[in-house]
Amino acid sequence: MTKPHLPQLLALAVLSSAAIAVQAQQPAAPSDQPKPKPEETEVWQPVPPVVTPGNPLGAPPSDAIVLFDGKNLDEWVTVKDKSPAQWNVHDGVMTVNKSGGNIETKRGFKDYQLHVEYKIPESITGSGQARGNSGVFLASTGPGDDGYELQVLDNYNNATYVNGMAGSLYKQAIPLANACRKPGEWNVYDVVWTAPTFNEDGSVKTPAYATVFFNGIIVENHFELKGQTLYIGKPFYKRYDKAPIKLQAHGDKSEPISFRNIWVRELP
Ligand code: MG
């Protein structure tokens, strides 16, 4: 047997001390520790508030702020001058008044859950973006189409650019499915909106996220927005605190669409 050289001895020493360290880190055998109890991982506080669900499902839950119940536009104003909204309320629905312009809520919101229903008229005409175009702006951050638009459009057998179809976050997020019901039937959007937050200097602290169910089918899954949705150019963020929800009176020549049963639940 050859005599080990010094470097080999050192290597052996390092290895054996490492082995001792590993041994020291080994958890004690289960039998050495008190047996965990299920109670140790139970949480009892704070107790969630009781919310009575809407009946039927889709009707406003007990804690919802009802934005439109089919009777009047008391919760809405015209975007351009904040005068009373001039859309047409009839038969429990509101129909877009294209010459009346975009309308928005009087209230401002941060994070929320939103329910909106809309119907494309059975007699709809036009193609591409000019067929039942409207929109739900999840935050209205200024005049016109300023903000974050969840597109409303008839894409039942109507093709357009996919990042501008119904269920898209306009020109940012392609919907995961085309869940459009045919014209004449009611469509339902259920949205979870996480508002962007900003630093003192106006820079983005946390981006906006949107999750969207379209007729019960998820079409946007916690999508991170790159900023406001724009018709032309690259999205950017603009600082805001609370913002109204806005509905679009789009200038296309097709028949105006209708909305009903709009409610929101503010999230902590
Ligand atoms: Mg639109």
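As a summary of the residue check, Glu117 satisfies the conditions (1) within 14 Å of the ligand (Cβ to nearest atom); (2) assigned to a strand (DSSP E or B) except for the one numbered (1). In the stretch 176-187, the residues that are touching a residue at least 24 places away in the same chain (Cβ under 8 Å) and of a type outside the set (Phe, Trp, Tyr) form Cβ pairs under 6 Å with partners that are surrounded by 15 or more Cβ atoms within 10 Å (Cβ to Cβ) and in a strand (DSSP E or B), at six or more places apart or across chains, as follows: Leu176/Val219; Ala177/Val219; Ala179/Phe214; Arg181/Asn187; Asn187/Tyr118.
So how many residues does the stretch 233-263 have that are closer than 24 Å to Thr197 by Cα, part of a loop (DSSP other than H, G, I, E, B) and of a type outside the set (Ser, Thr, Tyr)?
Of the residues in the stretch 233-263, the ones closer than 24 Å to Thr197 by Cα are 233-247, 263.
Filter once more, keeping what is part of a loop (DSSP other than H, G, I, E, B): 233-242, 244-245.
Subset that is of a type outside the set (Ser, Thr, Tyr): 233-236, 238-239, 241-242, 244-245.
Counting residues in the stretch 233-263 that are closer than 24 Å to Thr197 by Cα, part of a loop (DSSP other than H, G, I, E, B) and of a type outside the set (Ser, Thr, Tyr) gives 10.
Screening Lys253 on (1) within 16 Å of the ligand (Cβ to nearest atom); (2) buried (at least 18 other Cβ atoms within 10 Å of the Cβ) shows it passes everything except condition (2). Do we have any residue at all in the stretch 165-188 that's at pLDDT 95 or above, aromatic (Phe, Trp, Tyr) and over 20 Å from Ile257 (Cβ atoms)? Within the stretch 165-188 (the criterion being at pLDDT 95 or above, aromatic (Phe, Trp, Tyr) and over 20 Å from Ile257 (Cβ atoms)), the answer is no, since none of the residues qualifies.
For first residues located in the stretch 62-85 and in a strand (DSSP E or B), partners that are of a type in the set (Gly, Ala, Ser) and surrounded by 12 or more Cβ atoms within 10 Å (Cβ to Cβ) and lie 6+ apart or on another chain with Cβ distances below 6 Å form the pairs Trp76/Ala85; Val77/Ala85; Thr78/Ala85; Thr78/Gly101. Counting just the residues of the stretch 125-134 that are touching a Ser or Thr at 6+ places or on another chain (Cβ under 9 Å) and under 16 Å from Ala249 (Cβ atoms), which one comes out farthest from the ligand (Cβ to nearest atom)? This residue is Gly126. Among the residues of the stretch 198-224, those that are touching an Asp or Glu at 6+ places or on another chain (Cβ under 9 Å) and either basic (Lys, Arg) or assigned to a strand (DSSP E or B) (or both) comprise Phe198, Tyr209, Ala210, Thr211, Val212, Phe213, Phe214.
Filter the stretch 55-106 for residues that are surrounded by 15 or more Cβ atoms within 10 Å (Cβ to Cβ) and among the basic types (Lys, Arg) and give the result. Lys98 - this is the single residue of the stretch 55-106 that is surrounded by 15 or more Cβ atoms within 10 Å (Cβ to Cβ) and among the basic types (Lys, Arg). The lone criterion from (1) among the hydroxyl-bearing types (Ser, Thr, Tyr); (2) over 20 Å from the mean Cα position of the chain (by Cα); (3) farther than 23 Å from Pro175 by Cα left unmet by Thr105 is number (2).
Residues in the stretch 217-241 that are loosely packed, with under 15 Cβ neighbours inside 10 Å and either within 16 Å of the ligand (Cβ to nearest atom) or among the aromatic types (Phe, Trp, Tyr) (or both): Tyr231, Ile232, Phe236. Residues that are among the β-branched types (Val, Ile, Thr) and in contact (Cβ under 8 Å) with a residue 60 or more places away in the chain within the stretch 208-225 comprise just one, Val212. From the list Pro244, Pro196, the one residue that fits, being surrounded by 20 or more Cβ atoms within 10 Å (Cβ to Cβ) and free of Cβ contacts under 8 Å to residues at least 60 places away in the same chain, is Pro196. Considering only residues in the stretch 136-168 that are assigned to a helix (DSSP H, G or I) and surrounded by fewer than 19 Cβ atoms within 10 Å (Cβ to Cβ), the one that is nearest to the ligand (Cβ to nearest atom) turns out to be Asn163.
The values are calculated or read from the model by the stated rules, or taken from the named source; none is laboratory data. Predicted model, so just to flag it, every value in this text is computed and none were measured. For neighbour counting, all protein chains shown are included, and Cβ atoms are generated from backbone atoms with ideal geometry for every residue, glycine included.
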